[in-house]
Amino acid sequence: MAAGLLVATGAFYWAASRELQQSVPPAELRGDLLLVLASIVVAGTAATLMGAWHFTSSAVRPVAEITAQATRIETGTLDQRILAHADTEEYEGLVAVLNRMLERLERGFAAQRRLTADVSHELRTPLTALRGEMEVALRSPRSQREYEQVLRSGLEEIDRLTELSEDLLLVTRAEARLEAAHRAPTDMAALVDERLDRMHRLFEERDLKVRTALPSSQPAVMIDPELMRRLLDHLLENALQYTPLGGTIAVALETPTPGAVRLTVENSGPGIAATDLPHVFEPFYRADAARTRGVDGGAGLGLALVASVAQLHGGRARAASVAGQTTCFEVEILAPPAN
């Protein structure tokens, strides 16, 4: 717009100057030329300001739309997305980034709500059992032996609550990056043997065959022994729960690369459905019982804790399964040599 006006004004100035040169004395010509020049400057400045105002308004309008829409989005409306009427690549990229952020926030809040509901459910079960046993014990006088049985049962429920709270605290703190692995020189193979010996009687009761492939002379590595004990216990208890009578559990330990350790726990059994595999390490996840016998025992935090411990050691946990045959859990962590 401004360029067109300048061209038109310049053409007018050229024609006018030619006419003035032919009919106007030199003194009057200079005055008229100054007047025309001043008119050109004023007209050009006005056209430039109008063009700049129009351009700025067009550039700022999408920002105002994005700001207004983002302001209206709150905790209860995270399913909304930002729609900006802009065809420039920069604004389209900004809107895409904001919408991806909203998707992550929506998933995070949904997971938090689900976790809260699951925790409430898991806490209700032992608390209800504990309350019921105490109420029954108080209805009428009991013998000392009966009171002792109630107390032992209550202690079992308290132990269950304690384990649940400790596992949940570790999982949430690891996810929030508030937990750290306290590494110490540890014989990983001896640690695996120790946890297998702890569960030896339980394996025998179910007539399970346990095969091990552990290095005979592996140097000590820097890991958190307490966290690794909890990881091993959950993996072995999970294998124990879902291996059929007379089945097989295989435990292997290897060093895939220097400074790393890979632990594998594989068990025979019904396996895990392919649709459930991506979710087995989520807290309180339950597989469809119609397709599989389950993927986690206890309070539903065992495999989530396994993934958290692996993460704290700079590694990750993976699951693989062949329906009706085997299920394999693999944990690979960073474990530098102790010396």
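Trypsin sites (Lys or Arg not before Pro) within segment 136-178: which are DSSP loop residues with at most 15 other Cβ atoms inside 10 Å?
ARG142, ARG177
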* Structure fact -> Under the Karplus relation with 6.51, -1.76 and 1.60 and θ = phi - 60°, whole-Hz ³J(HN,Hα) for segment 330-339, x at Gly and Pro, equal 10, 10, 10, 10, 7, 9, x, x, 6, 9
* Return P(r) of segment 185-334 (all Cα-Cα pairs; 5 Å bins starting at 0; whole %; ordered from short to long distances). => 2, 10, 20, 24, 20, 14, 7, 2, 0, 0
* Using θ = phi - 60° and Karplus 6.51 cos²θ - 1.76 cosθ + 1.60, couplings along segment 92-102 (whole Hz; Gly, Pro as x) -> 4, x, 5, 5, 5, 5, 5, 5, 5, 5, 5
* Structure fact -> Which residues qualify? For ARG316, with a placed amide H closer than 5 Å and at least 5 residues away or on another chain, they are GLU332
* Taking the alpha-carbon centroid of each part, what is the distance from segment 92-106 to segment 65-83 in angstrom? -> 10 Å
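Computed over the Cα atoms of segment 189-245, what is the convex hull's projected area averaged over all directions, in nm²?
Working: hull surface 16.4 nm².
The Cα convex hull of segment 189-245, projected and averaged over all directions, gives 4.1 nm².
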* To do: Multiply the residue separation of SER217 and LEU151 by 0.36 nm, subtract the distance between their alpha-carbon atoms, and state the gained length in nm to one decimal.
  => 19.1 nm
* **Separation of the LEU202 and THR71 label points, Cα + 7 Å toward Cβ, nm** => 5.8 nm
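Any read-out appearing in this document is the output of simple, stated calculations on the displayed coordinates, not a laboratory observation. Keep in mind that this is a model prediction, so the values were computed, not measured. Heads up, the Cβs are rebuilt from the backbone with ideal geometry, glycines too, and the neighbour counts pull from every protein chain shown.
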